[in-house]
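Heads up: the structure comes next, in structure tokens.
The values are calculated or read from the model by the stated rules, or taken from the named source; none is laboratory data. Please read these numbers as outputs of a predicted model, since none were measured by experiment. Cβ placement follows ideal geometry from the backbone for every residue including glycine, while neighbour counts extend to all protein chains displayed. Each accessible area value is taken on the protein alone, full model and side chains, heavy atoms only, with ligands, DNA and RNA left out. Shrake-Rupley method; radii C 1.70, N 1.55, O 1.52, S 1.80 Å.
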Amino acid sequence: MSTTRTRPNRQAAHRLALLESMLRVRRFEERCVELYSAARIRGFMHLYIGEEAVAVGVNDALTDDDAVVSTYREHGHALARGVPAEAIMAEMFGKATGCSHGRGGSMHLFDAGRRFYGGNAIVGGGLPLAAGLALADRMADRYRVTCCFFGDGAFAEGEFHETANLAALWGLPLLLVCENNLYAMGTALARHQAQTDLALRAAGYGMASWAVDGMDVLAVEDAARRATEGIRGGGGPHFLEMRTYRFRAHSMYDSDRYRDKAEIEHWKERDPVEGFARRLHEAKELSGRARSALEDRLAAELDAAVDAAERAPEEPVEDLLRYVTSPVEASPP
């Protein structure tokens, strides 16, 4: 009898981990839709369903020392960065155990310990913040990257052009990831940009720039690794145009009347989660039993997150003025 053991396929294990991360984002957001519809979550909420490959692929190319600056559509970015679902769900419920102590809600998830510098309700507002983080790293000779996510709508904002120009001038270690989902809220890309090739326009600032299939997690990961390696090698800022699509409306308040239903269904045929799962199944890397076990594990994780959020305390009324202003420090003698 042969004693030879089959060595585990690390690449297959890695691909399964990518699928699990994307499924976690998808199932988390689907659960949030249920909770929002039942009025258990309130306020604004912008869903990431359809764009999961971008968050997962990019974050997989980053290190723990790198920084991430996000948008108001950041559930997927936070989860892919490693912020626990329990902390995010508590934040969605506005509870004190949330990652922003219940003060931020869906659009303002923060976790400084994981160098996740949060969502920003201002379109393009994270761009100059990311440039500042990258500049601080360069001035301190720290060997790390700042990654900034933003949408095609932010590309039309002055913050993008100012940030891109300064980043190129100063050679900042900045990764600019534009999630081009074709719509700035309800305005189609071609209606607000004369040149719709955003990677081509970004290249005009003298930085490495290219477009990526944002519905393919492996293509996203490969592009992000190439970009981060270039940045760490002293190549200055890099720009990635992730061509992707959101399957849901801009926000839960959006009636989504500006898109043709056939267009949405066409993009759903390229679902980044289910499409990747099919690829793994066809490659015999994912069995039906393994998929069911994965789904059960994620469902239990989300059940626990919701239960913990419901049981978590509200912030005490006497603490409501904390963090509003900086604490007064004693003057030096």
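Okay, here's what the table says:
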quantity	calculated
Cα principal axis extents for region 141-271, largest first, Å	49, 31, 25
Ellipsoid semi-axes in whole angstrom, largest first, where each is sqrt(5λ) of the Cα gyration tensor of the chain	29, 27, 23
For the chain: relative contact order, % (alpha-carbon pairs under 8 angstrom, 6 or more apart)	22
Fraction of accessible area attributable to carbon and sulfur, region 223-314 (%, probe 1.4 Å)	48
Solvent-accessible heavy-atom area per residue, rounded to whole Å², over the chain at 1.4 Å	49
Burial ranking of peptide ranges 143-155, 266-278 (average Cβ count within 10 Å, highest at the top)	143-155, 266-278
Sum of -39500 (n - 2.57) over DSSP H runs of 4+, divided by residues of the chain (222 nm, nearest 500)	-14000 deg cm²/dmol
Extension gain, T196 back to E34 (0.36 nm per residue minus Cα-Cα distance, nm)	54.8 nm
The chain, dipole about Cα centre (Lys/Arg Cβ +1, Asp/Glu Cβ -1), debye to the nearest 20	720
Cα centre as origin, Lys/Arg/Asp/Glu Cβ charges: region 182-238 dipole, Debye	240
Debye-sum result for region 186-333 in log10 I(q)/I(0), which assumes one identical scatterer on each alpha carbon, at q = 0.09, 0.11, 0.16 Å⁻¹	-0.60, -0.85, -1.12
Distance histogram for region 1-130 (every C-alpha pair counted, 10 angstrom bins, percent rounded to whole numbers)	13, 41, 29, 9, 5, 3, 0
In region 1-106, chymotrypsin sites (Phe, Trp or Tyr not before Pro) in a DSSP loop with at most 16 other beta-carbon atoms within 10 Å	F44
Peptides ranked, highest mean first, by Cβ atoms within 10 Å: ranges 96-104, 183-191	96-104, 183-191
